[in-house]
Amino acid sequence: MDGIKLAAAVRNRWPPIKIIVTSGHRKVHLSDIPAESRFFSKPYRAADIAAAAREMMS
């Protein structure tokens, strides 16, 4: 199971969970990411991940 499939499984099992997905693959389609999740391609800035997490939790 890759990270995209894991994110989908988590969303199906626990719909309210907030999900941030990261990937080094440039060909990730946003339609593959669960709704209301955030996606960051690597390399990413830790500050961007932290800001997204704060926004999602508010």
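Compactness of the chain is given as radius of gyration and Dmax, 11.3, 30 Å, from Cα positions.
Each of Met56, Met1 was scored by other Cβ atoms within 10 Å of its Cβ. Arranged with the fewest first, they read Met1, Met56.
Amide H to amide H, with H built 1.01 Å from N, Phe40 comes under 5 Å of Val21, Thr22, Ser23, counting only residues 5 or more places away or on other chains. Measuring r between the beta carbons of Ser41 and Ala9 and using R0 = 30 Å, the FRET efficiency lands at 0.90.
Here each label is just a point 7 Å from Cα along the line to Cβ, and for Met57 and Thr22 those points are 1.6 nm apart.
With θ taken as phi - 60° and the Karplus curve 6.51 cos²θ - 1.76 cosθ + 1.60 applied, the whole-hertz 3J(HN,Hα) list for segment 3-10 is x, 5, 5, 4, 4, 5, 5, 5 Hz, x standing for glycine and proline.
Coordinate-derived values only; no laboratory data. Here the structure is a predicted model, which means the values were calculated and not measured. Cβ: placed from backbone, ideal geometry, glycine included. Neighbour counts: every protein chain shown.
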